[in-house]
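Taking it in order: structure first as structure tokens, then the write-up.
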Amino acid sequence: MSKQILCLPGDGIGPEIMAEALKVLDAAKLRFGLDIEVSHGLVGGAAIDHHSVPLSDETLALARNSDAILFGAVGGPKWDDQPMANRPEKGLLQLRSELDLFANLRPAILFPQLAEASSLKPELVAGLDILIVRELTGGIYFGEPRGIRTLENGEREGYNTYVYRESEVRRIAKVAFEAARKRGGRLCSVDKSNVLEVTGLWREVVIAESAGYNDVELSHMYVDNAAMQLVRAPKQFDVMVTGNMFGDILSDCAAMLTGSIGMLPSASLNEKNQGMYEPVHGSAPDIAGENKANPLAQILSLAMLLRYSFGEGIAADAIEKAVSDVLGKGYRTGDIASEGCQLVATVEMGDAVVDCLLNA
Ligand code: IPM
Ligand code: MG
């Protein structure tokens with residue numbers, strides 16, 4: 001039976017970069033004889049425009065019934081005046097929550113060809129290969145109560161709740177330990193246990209879980225120090241595991257070390273290995289529709305999808321190699337451009353990857 005991908009391009013540059021990823025998927029189907037069907041849905045602002053909500057029941061049902069989801073990006077100034085509960089980002093958060101996609105894997109790998117594009121000195125980032133494992137369905141993003149209330153004196157007060165249950169920490173710690181075991185054997189858990197009880201419990205549970213992983217070296221770091229270490233000496237890290245909000249922040253930071261956030265894919269998995277795959281970057285409304293966006297993070301997200309959800313490691317490797325080859329040829333979108341490079345548009349970059357994939 002053919003495998004089903006639900007494709008949710010979203011807003012801003014989402015549709016443009018998705019079109020390139022789908023071209024690459026077609027090429028991969030051709031080369032590797034993959035039996036994959038693609039369906040399409042609206043999410044985020046695009047869904048608000050058509051259905052008044054950022055994720056319709058129909059799209060959610062399609063998502064539940066698909067084997068994997070390829071997601072673009074959501075949000076933009078057009079929907080900035082939507083109430084918090086109906087913002088484009090809610091569509092993404094709802095998908096994560098409804099499908100229980102608790103394990104967010106965000107690799108930050110430096111393609112050697114891009115060492116010059118990093119904001120750090122090339123020697124600090126050469127060979128960089130970090131995996132950030134971010135808890136994605138709990139923490140302060142989803143904690144209740146939340147809201148804005150008016151106090152007796154008439155002043156308004158905003159509040160959110162930072163909560164983690166032991167079971168939530170345990171399952172994400174397990175994913176991180178397993179990943180570390182398959183990679184460099186080192187795991188750094190990031191918390192703020194000197195101030196926040198919730199992350200004190202986080203640390204306790206991670207330590208308890210480490211008993212089953214004697215082959216993994218566990219360390220702990222406060223989040224402020226982790227942010228500093230990421231820009232001071234990022235190669236000290238192998239796998240990092242952290243909660244939802246710290247992971248959001250640290251993964252943008254790690255992404256930039258690789259030259260451009262436009263290069264980084266991510267996977268969000270549930271216990272059944274059903275997954276949603278999306279670039280780490282956002283919808284970049286400032287360049288939307290201009291054929292300028294870098295489609296490589298979306299294309300690399302497709303590679304992750306094939307590897308993690310469909311077990312098609314060979315096709316995934318080939319797509320990643322095609323991306324590397326294209327960079328080797330000097331092709332660059334504006335975000336990763338450097339002197340002497342061949343500046344290309346979104347569509348040309350996609351074409352170049354397809355060409356490398358088919359003519360390897
Ligand atoms: C991300 C994004 C999202 C998040 C937004 C768009 C809701 O920043 O995936 O990192 O905060 O998780
Ligand atoms: Mg983010």
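I'd like the carbon and sulfur percentage of the solvent accessible area for the chain, probe radius 1.4 Å, heavy atoms only, ligands and nucleic acids excluded. Carbon with sulfur: 52 percent of the solvent-accessible area.
Using θ = phi - 60° in the Karplus curve 6.51 cos²θ - 1.76 cosθ + 1.60, the 3J(HN,Hα) couplings for region 334-347 round to x, 5, 10, 5, 9, 4, x, 7, 9, 6, 10, 8, 3, 5 Hz; x is entered for Gly and Pro. Residues whose amide H lies under 5 Å from that of D191, counting only those 5 or more places away or on a different chain, are M221, Y222, V223; hydrogens are built 1.01 Å from N in the peptide plane.
If you count the DSSP beta bridges with both ends in region 129-257, what percent of them are antiparallel, to the nearest 5?
Details: 4 of 17 bridges.
Antiparallel bridges make up about 25 percent of those DSSP assigns within region 129-257.
Mean projection of the alpha-carbon convex hull of region 129-257 over all orientations, in nm²? Can you show the working numbers first?
Numbers: hull surface 34.9 nm².
Hull-based average projected area comes out at 8.7 nm².
Karplus-derived 3J(HN,Hα) values for region 115-120, using 6.51 cos²θ - 1.76 cosθ + 1.60 with θ = phi - 60°, are 3, 6, 7, 5, 6, 9 Hz; glycine and proline are entered as x.
In the chain, the DSSP beta bridges split such that about 40 percent are antiparallel, to the nearest 5.
Please identify every one of the trypsin sites (Lys or Arg not before Pro) in region 269-360 that sits in a loop by DSSP and has no more than 11 other beta carbons within 10 Å of its own beta carbon.
Values: sites: K272, K292, R307, K321, K329, R332; in loops: K272, K292, K329.
Passing sites in region 269-360 are K272.
Evaluated over the Cα positions of the chain, the convex hull gives a direction-averaged projected area, one quarter of its surface, of 19.1 nm².
Return the calculated 222 nm mean residue ellipticity for the chain, to the nearest 500 deg cm²/dmol, obtained by summing -39500 (n - 2.57) across DSSP H runs with n ≥ 4 and dividing by the residue count.
Working: 12 runs with 146 residues, N = 360.
It lands at -12500 deg cm²/dmol.
With contacts taken as Cα pairs under 8 Å at a separation of at least 6 residues, region 129-257 carries a relative contact order of 36 percent. Karplus-based coupling profile of region 39-50, in residue order and whole Hz: 10, 10, x, 9, 8, x, x, 4, 6, 4, 4, 9, with θ = phi - 60° in 6.51 cos²θ - 1.76 cosθ + 1.60 and x standing for Gly or Pro.
Annotation: amide H-H contacts under 5 Å for L70 (H modelled 1.01 Å from N, sequence separation of 5 or more, or interchain): L6, C7, L8, Y277. The mean accessible area for residues of region 129-257, using a 1.4 Å probe and ignoring ligands and nucleic acids, is 48 Å² per residue.
Charged neighbours of L110, selected by a Cβ distance under 13 Å, balance to -1 (K, R count +1; D, E count -1). Straight Cα distances below 14 angstrom link K78 to the aspartates and glutamates D11, D49, E89, D286, with same-chain residues fewer than 8 positions distant left out. Of all stretches in the chain that contain no GluC sites (Glu not before Pro) in a DSSP loop with at most 15 other Cβ atoms within 10 Å, the longest one is 1-151.
The values are calculated or read from the model by the stated rules, or taken from the named source; none is laboratory data. Just so it is clear, the model here is predicted, and its values are computed rather than measured. Using ideal geometry, Cβ is built from the backbone for each residue, glycine included, and neighbour counts are taken over all protein chains shown. Quick note on the areas: whole protein, heavy atoms, side chains included, nothing else; ligands and nucleic acids left out. Shrake-Rupley method; radii C 1.70, N 1.55, O 1.52, S 1.80 Å.
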